[in-house]
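All remarks here apply to the structure that follows.
The values are calculated or read from the model by the stated rules, or taken from the named source; none is laboratory data. Bear in mind the structure is a predicted one, so any value in this text is a computation, not a measurement. Cβ coordinates were reconstructed from backbone atoms using ideal geometry, including for glycine residues, and neighbour counts include every protein chain displayed.
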Amino acid sequence: MSKFGISLLRRCSLYLGLAATLLFSACDSGAGVALSSAGGSLKILATTSMIGDIAARIAGPHATVESLMGPGVDPHLYKTSESDVRRLENADLILYNGLNLEGKMGEIFEALSRSRRVVAVSKDITAAELRTPPEFKGHHDPHIWFDVKLWSTVVGPIRRELSSLDPAHAADYVKNAETVAQELSSLDAWVESHVAMIPADRRILVTAHDAFGYFGRRYQVEVVALQGISTVAEFSVHDVERLTQRIVERKVPAVFIESSVPRRNIEAVQKACEAKGHKVSIGGELFSDAMGAAGTPEGTYRGMVEHNVRLILQALR
Ligand SMILES: [Zn+2]
């Protein structure tokens, strides 16, 4: 077969791959968020709003930044809709978390990477810095945004991509990236000092799925979850029993629901604790895998982190 024939065949299989992705995801799975409407010539599409927030700050007025997954959307289960594919195809730069967070989008990233820059913002994080929980069989924990210091590692790849796509404004990207890194550093110190106010024996965070492992590691909080580091696998009766026993033994005062996981999951645990004579309250709703609504304080990365820490502090101290 000629070289041309092979390349045509490749292109056809690429097209078929995209078509298959579309077939299996006919419904719109989440409204995206426009994070910067400054109307710069570059178009950036981030998967999660946490990535979009950082990218919009670094891009400033030189790019339009949007995120694909809106408030309450679970990235582990996210399937690309037809309108998403159009938005992805219109972007000059696609930024995603990686580490298998967007577990169902791998195929589409691969297809799109042949015609534009598709970059995992976690690429500079070394394996030694990542959590690899034994129960997740060799996979890394993707929830890197809850260790604020670790999250500042994503600033580098975003700045480099913007500078290479738009060298005329490289100096601005460097300056903005420095400002963002400094703000993340003071946010990290703020989290550390606030979590330290919770007595050590009460520093136990019980949530619906294991999104807070990096948070626990960085700020010395024991983290226990009903589901593993992805919501793809359903929890079992055994998981509820295991968690209930831990809560009762440790006399945990409060458990937390998450904005991107159905609340009935953690309510099942609350009921099971009550049946064992231990009353555990719901400490409130944490933003785990998605930020809050645009225009609210929790609709920014910083606001989301501050909301979570205040809620945890209030319920556990
Ligand atoms: Zn998650």
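Going residue by residue through the range 308-316, is there one that turns out to be within 23 Å of Ile54 (Cα to Cα), of a type in the set (Lys, Arg), touching a Leu at 6+ places or on another chain (Cβ under 7 Å) and more than 14 Å from the ligand (Cβ to nearest atom)? Taking every residue of the range 308-316 in turn, none turns out to be within 23 Å of Ile54 (Cα to Cα), of a type in the set (Lys, Arg), touching a Leu at 6+ places or on another chain (Cβ under 7 Å) and more than 14 Å from the ligand (Cβ to nearest atom). Exactly one residue among Ile247, Ile229 is in contact (Cβ under 8 Å) with a residue 40 or more places away in the chain, more than 30 Å from Gly70 (Cβ to Cβ) and of a type in the set (Val, Ile, Thr), and that residue is Ile247. Cβ separations smaller than 6 Å between residues 6+ apart or across chains give the following pairs from the range 266-290 residues that are within 18 Å of Glu234 (Cβ to Cβ) to residues that are within 16 Å of the ligand (Cβ to nearest atom) and polar (S, T, N, Q): Ser288/Ser260; Asp289/Ser260.
Just name the residue that is surrounded by the fewest Cβ atoms within 10 Å (Cβ to Cβ) out of those in the range 265-288 that are within 16 Å of the ligand (Cβ to nearest atom) and farther than 18 Å from Glu306 by Cα. Per the stated criteria, the residue is Asn265. Looking at the range 163-178, is at least one residue farther than 17 Å from Gly60 by Cβ, outside any loop (DSSP other than H, G, I, E, B) and out of contact with any Gly (no Cβ under 8 Å at 6 or more places or on another chain)? No.
What tally of residues in the range 128-161 results from selecting those that are among the hydrophobic types (A, V, I, L, M, F, W, C) and not in a helix (DSSP H, G or I)?
Matching residues across the range 128-161 total 1.
Note on the range 192-245: residues that are in a helix (DSSP H, G or I), more than 16 Å from the ligand (Cβ to nearest atom) and surrounded by fewer than 21 Cβ atoms within 10 Å (Cβ to Cβ) total 13.
Scanning the range 55-92 for residues that are assigned to a loop (DSSP other than H, G, I, E, B), surrounded by fewer than 21 Cβ atoms within 10 Å (Cβ to Cβ) and of a type in the set (Asp, Glu) yields a total of 1.
Is it the case that the range 177-196 has a residue that's modelled with pLDDT of 95 or more, more than 16 Å from Val305 (Cβ to Cβ) and over 21 Å from the mean Cα position of the chain (by Cα)? Among the residues of the range 177-196, at least one is modelled with pLDDT of 95 or more, more than 16 Å from Val305 (Cβ to Cβ) and over 21 Å from the mean Cα position of the chain (by Cα), which makes the answer yes. Among the conditions (1) exposed (fewer than 13 other Cβ atoms within 10 Å of the Cβ); (2) within 30 Å of Glu222 (Cα to Cα), Leu130 misses just one, which is (1).
Can Gly138 be described as out of contact with any strand residue (DSSP E or B) (no Cβ under 8 Å at 6 or more places or on another chain) and modelled with pLDDT under 95?
yes
Among the candidates Pro297, Pro262, the residue that is within 16 Å of the ligand (Cβ to nearest atom) and loosely packed, with under 14 Cβ neighbours inside 10 Å is uniquely Pro262.
Checking each residue in the range 104-135 for being closer than 14 Å to Asp84 by Cβ and either outside the structural domain of Thr48 (by TED's automatic domain parsing) or of a type in the set (Asp, Glu) (or both) picks out only Glu107. Looking at the range 97-118 only, could you name the residues that are touching a strand residue (DSSP E or B) at 6+ places or on another chain (Cβ under 6 Å) and buried (at least 18 other Cβ atoms within 10 Å of the Cβ)? Gly98, Glu102, Phe109, Leu112, Val118 - these are the residues of the range 97-118 that are touching a strand residue (DSSP E or B) at 6+ places or on another chain (Cβ under 6 Å) and buried (at least 18 other Cβ atoms within 10 Å of the Cβ). Taking the range 97-121 as the range and being within 14 Å of the ligand (Cβ to nearest atom) and closer than 12 Å to Pro157 by Cα as the test, only Asn97 passes. Hey, does the range 151-166 have a residue that's within 16 Å of the ligand (Cβ to nearest atom) and at pLDDT 95 or above? Yes, some residue in the range 151-166 is within 16 Å of the ligand (Cβ to nearest atom) and at pLDDT 95 or above.
Look at (1) touching an Asp or Glu at 6+ places or on another chain (Cβ under 9 Å); (2) within 16 Å of the ligand (Cβ to nearest atom) and you find that Tyr173 fails only one, number (2). Go through (1) more than 16 Å from the ligand (Cβ to nearest atom); (2) touching a residue at least 12 places away in the same chain (Cβ under 8 Å); (3) farther than 18 Å from Ile229 by Cβ; (4) not in a strand (DSSP E or B) for Ile125 and report which single condition fails. Looking at each condition in turn, Ile125 falls short on (3).
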